[in-house]
1. For segment A:222-253, how many residues are closer than 17 Å to residue A:147 by Cβ, free of Cβ contacts under 8 Å to residues at least 60 places away in the same chain and more than 20 Å from the chain's Cα centre (by Cα)?
2. Quick one: residue B:64 ticks every box in (1) under 18 Å from residue B:174 (Cβ atoms); (2) over 15 Å from the mean Cα position of the chain (by Cα); (3) at pLDDT 90 or above bar one, so which box is it?
3. Show me the helices (runs of 4 or more DSSP H) entirely contained within segment B:85-203 in which 3 or more residues are farther than 30 Å from residue A:274 by Cα and away from chain A (no Cβ under 14 Å).
4. Under 30 Å from residue B:127 (Cβ atoms), facing chain A (nearest Cβ under 10 Å) and within 19 Å of the chain's Cα centre (by Cα): does that describe residue B:76?
5. Would it be correct to say that residue A:139 is surrounded by 13 or more Cβ atoms within 10 Å (Cβ to Cβ), outside any helix (DSSP H, G or I) and more than 23 Å from the chain's Cα centre (by Cα)?
6. Picking from A:118, A:167, which residue would you name as being under 19 Å from residue A:105 (Cβ atoms) and part of a loop (DSSP other than H, G, I, E, B)?
7. Take the conditions touching a strand residue (DSSP E or B) at 6+ places or on another chain (Cβ under 6 Å), within 21 Å of residue B:14 (Cβ to Cβ), more than 13 Å from every other protein chain (Cβ to nearest Cβ) and in contact (Cβ under 8 Å) with a residue 12 or more places away in the chain and apply them to residue B:67. Does it pass?
8. Are there helices (runs of 4 or more DSSP H) fully within segment A:171-280 with at least 3 residues that are out of contact with any helix residue (DSSP H, G or I) (no Cβ under 6 Å at 6 or more places or on another chain) and within 13 Å of chain B (Cβ to nearest Cβ)? List them.
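The values are calculated or read from the model by the stated rules, or taken from the named source; none is laboratory data. If you're wondering where the values come from, they're calculated on a predicted model, not measured in any experiment. Reconstructed Cβ throughout: ideal geometry from the backbone, glycine too, with neighbour counts over all protein chains shown.
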């Protein structure tokens, strides 16, 4: 450390300013500022005053949706309901998807029998099924969870299966040579090898589960109002500030689950796997 | 493969041929006896079926015709790649094979410590493979194989990817282990110097189909010193091996 008086603090400042964290934060902030600037430009300059409701300025969105008590409690209740649906759906999807992926990785006939149907679930137009699911299971929590599971199941299955099957061939040989049991091979080799891609699947599905919860809610239009129903009713009543508020809430929820799983992934596999430490 | 008796030899190939389902004739009519405490190296051009031969010896492949027999199923294998689990530390990688056998924990501990000391990796017990150099990863792989006390070792170009300095050093350490633990070894390489330095018999293979084209006996006693590589006799034997190889290409 240099003991000369003057440039000590400025050196430190320079170190912070040129550090990667700072630059990344700066990059994100600049894009955000540009985005907000563009928003105000559209609200105040591009569209005329009578039509301002189609793009209300940011501060009135915040005022009406998050500062005003009535709307805020509606939105927060909606957020809680939607979160509950999304997390329940995700948990079920993780359990079912993981289970099927493990079974398929252990027996080829299981893969041949079930994988095509996993693809089919993915290609089904869920929106078209939403009314049917309503007829069969009612319009409450249960049906919303079913929609959510159907939307978020596939990435869990494919990513887990891919991970389980991509364990190193050489390590497979090592275990074969020592006559490892099927369970030992699974627990000591396949499952840890699959961890990175399982987390990829989890992150994708976590985002999809939020979308699933909102879509289900949006189209059922009945039962306790989650974010989906709120979105629809704000749209119908032209309360565009609240509509924007609900959109912000939805994406905040999606972003939060994404970040949580990114953090979890880093925690579990960050020490040995490159993908985990680089992003998020 | 099974544990058939091999009449005094620790590994024997009897007229072994291997044809893969796609029609490739990888190994043709190979007969080879590996006596107890033999160190045999196999040299040959790439694609001559050396690795296939080793996989046959390990029981990972079954020969199309002929028979492969080993005296003892307890075989140590070290491959081209160190085949370590990237999520396990050095000591947990070394302990893997004992875990599979469900040995008591303190016995596992003892063998891990012993093996790590044998390959000079003390102080690296808690490192992950990605924190190690290629040579050190190979040592971990070797230590892992040592924990089952195999009587027969199979090496598939284990030091092929290393620089010459690390390779020479590992060759010396391998010979020290050979002296201390008295296993027999079948070692595949494409380096003539390495082949002559390590073994008491060099078997030369030719390509397409892989077959034995010649053998050179290496009469030097163990332990061998690094300076042996520069002796005239060593040069003479290396030239003989190289001669056999060049006839093939």
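1. Residues meeting the conditions: 1.
2. Unmet for residue B:64, out of (1) under 18 Å from residue B:174 (Cβ atoms); (2) over 15 Å from the mean Cα position of the chain (by Cα); (3) at pLDDT 90 or above: (1).
3. Working: elements: B:90-94, B:96-100, B:105-118, B:134-146, B:164-181, B:192-198.
By residue number, B:105-118, B:164-181, B:192-198.
4. Numbers: under 30 Å from residue B:127 (Cβ atoms): yes; facing chain A (nearest Cβ under 10 Å): yes; within 19 Å of the chain's Cα centre (by Cα): yes.
Criteria met by residue B:76.
5. On the way: surrounded by 13 or more Cβ atoms within 10 Å (Cβ to Cβ): yes; outside any helix (DSSP H, G or I): yes; more than 23 Å from the chain's Cα centre (by Cα): yes.
So residue A:139 fits the description; yes.
6. Details: A:118 fails: part of a loop (DSSP other than H, G, I, E, B).
Among A:118, A:167, only A:167 is under 19 Å from residue A:105 (Cβ atoms) and part of a loop (DSSP other than H, G, I, E, B).
7. Numbers: touching a strand residue (DSSP E or B) at 6+ places or on another chain (Cβ under 6 Å): yes; within 21 Å of residue B:14 (Cβ to Cβ): yes; more than 13 Å from every other protein chain (Cβ to nearest Cβ): yes; in contact (Cβ under 8 Å) with a residue 12 or more places away in the chain: yes.
The answer is yes for residue B:67.
8. On the way: elements: A:191-220, A:227-236, A:240-269, A:274-278.
Of the helices (runs of 4 or more DSSP H) lying wholly inside segment A:171-280, those with at least 3 residues that are out of contact with any helix residue (DSSP H, G or I) (no Cβ under 6 Å at 6 or more places or on another chain) and within 13 Å of chain B (Cβ to nearest Cβ) span A:191-220.
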